[in-house]
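First comes the structure, then the notes that go with it.
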Amino acid sequence: MSLQRVTAFAPSNIALTKYWGKRDHTLNLPLASSISVTLSELGSLTVCAPEPGLSHDVMAVDDRPLDDAGMIKVRRVLGIIREMAGSDVHAGLNSINTVPTARGLASSASAFAALAMAASHAYGLDLDKATLSRLARTGSGSASRSIHGGFVQWECGQKADGSDSEARQLFAADHWPLTILVAQVRDGKKKVSSTSGMRMAASDSLTFRGWIEQCEKDVIACQAALAAKDMERLADVVEGNAMAMHGTMMASRPPLLYWQPATVGVIHTVRNLRAEGTACCFTIDAGSSVVVLVEPSDAGPVAEALAAIDGVETVLQTRVGEGARLVPERG
Ligand code: 2P0
């Protein structure tokens, strides 16, 4: 077994049909399949260095020690890797996010996809993408999708051990080279994590059962809209799915409301632009920021319209990107 220092980059992803509800909270097994688009340069750069002298795993994220809840997830992923590699050596890890943490953008998705890729190679494993996707999923559900580039589907699977719950690529990044705008809405760090929000929705939301049934229909409709590169149809399913997810959040007890006034401002702006003929649509994750998909030729005016909304702090611009990959070590 060869141990070596390895660096990997994994991109963030934005769900077009959402993962919101688990059938297993330890293995991160979802109740419904979901579809995402992989972002280009927003993500996590992670170094993993197994060190025989270490008594336990240590990890820093953005130059700060990772908190206990995060370390439990990291050790879960590393534990699986060590078992596969037949090693009992601990590791030092360092991760830098190029995506703002805990602002409604999925930093945990890129973080655990980068961790799975860097650590598996650091322990001498060369895993296929399906296995990497399942491994990343055990850290954070949405990380299963960041292994792949382009447009990606995470199959919920049926098995109790999660061996059939993994992501696969539907279409490569160049199938539909959309521009992706992230309208960041001012509200500081979000207060309820996705992990605990999902628990609340499943146990206490009045609309949860209908939501899960709708997700399976939306996955099929989303596949068709992507295949046809049809923005009107994509808007129907993507906006409908995001609104329905936030509906289950709002119908949780206690109610969960991630939106700020500017969130609603962006929703209306995107709908008005589309009514006037601009091909674009929005989605919202577990936060107040809004992601807008738009044809590149219209991206400039749409970004300007979003930036003009009171309460929108910045508008990031990116595009559909490739999946997780190794980064050559310098020197
Ligand atoms: C998604 N989200 O599909 C949905 C939409 C948030 C809203 O996946 O508990 O951080 O680590 O499996 O992956 C965020 O949830 O949750 C998420 P865990 P995760 O992108």
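The values are calculated or read from the model by the stated rules, or taken from the named source; none is laboratory data. Since we're looking at a predicted model, the values are computed, not measured. Using ideal geometry, Cβ is built from the backbone for each residue, glycine included, and neighbour counts are taken over all protein chains shown. Just so you know, the surface numbers come from the protein's heavy atoms only, side chains and all, with ligands and any DNA or RNA stripped out. Shrake-Rupley method; radii C 1.70, N 1.55, O 1.52, S 1.80 Å.
Rounded to the nearest 500, what is the 222 nm mean residue ellipticity of the chain from helices alone, with -39500 (n - 2.57) per DSSP H run of 4+ residues and division by all residues?
-12000 deg cm²/dmol, from helical runs alone.
For A172 and R76, calculate 0.36 nm times their separation in residues minus their Cα-Cα distance, and state this gained length in nm to one decimal.
31.5 nm
With a 1.4 Å probe and every protein chain left in place, work out the accessible area per residue of region 6-174 in Å², rounded to a whole number.
Heavy-atom accessible area per residue stands at 34 Å².
Do the alpha carbons of any pairs in K18/K217; K129/K217; K22/K159 sit beyond 20 Å of each other, and which pairs?
Those over the limit are K129/K217.
Based on Cβ point charges of +1 for Lys and Arg and -1 for Asp and Glu, what charge dipole magnitude is obtained for region 109-233 about its Cα centre, in debye rounded to the nearest 20?
The dipole of region 109-233 has a size of about 460 debye.
Quote the FRET efficiency, to the nearest 0.05, computed for S297 versus N272 with a Förster distance R0 of 22 Å and r equal to the Cβ-Cβ distance.
Computed FRET efficiency for S297 and N272 comes out at 0.75.
To the nearest 0.05, how large is the calculated FRET efficiency for E232 and E322 if R₀ is 45 Å and r is the Cβ-Cβ distance?
0.95
Non-local amide H neighbours of S40 (under 5 Å, H modeled in plane, Pro and chain starts lacking H): which ones?
Amide H neighbours of S40: R319, G321.
Between R186 and A224, what is the label-to-label distance in nm when each label sits 7 Å out along the Cα-to-Cβ direction?
Here the modelled spin labels are 4.3 nm apart.
For the chain, give the percent of accessible area contributed by carbon and sulfur heavy atoms, probe 1.4 Å, rounded to a whole number.
53 percent
Counting only the backbone N, which residues of region 73-97 are under 15 Å from the spot 7 Å out from the Cα of D63 toward its beta-carbon?
In region 73-97, the label zone of D63 (backbone N under 15 Å from the point 7 Å along Cα→Cβ) covers 94-97.
Where both partners of a DSSP beta bridge lie in the chain, what percent of those bridges are antiparallel, to the nearest 5?
90 percent
With a cut-off of 8 Å between alpha carbons and a minimum separation of six or more residues, what is the relative contact order of region 6-174 in percent?
Contact order relative to length: 29 percent.
Using alpha carbon centroids, what distance separates region 215-290 and region 10-76, in Å?
24 Å
Relative to the Cα centre, what is the charge dipole magnitude of the chain, using +1 at the beta carbon of each Lys and Arg, -1 at the beta carbon of each Asp and Glu, and rounding to the nearest 20 debye?
580 debye
Have a look at the DSSP beta bridges in region 6-174 and tell me what percent are antiparallel, nearest 5.
90 percent
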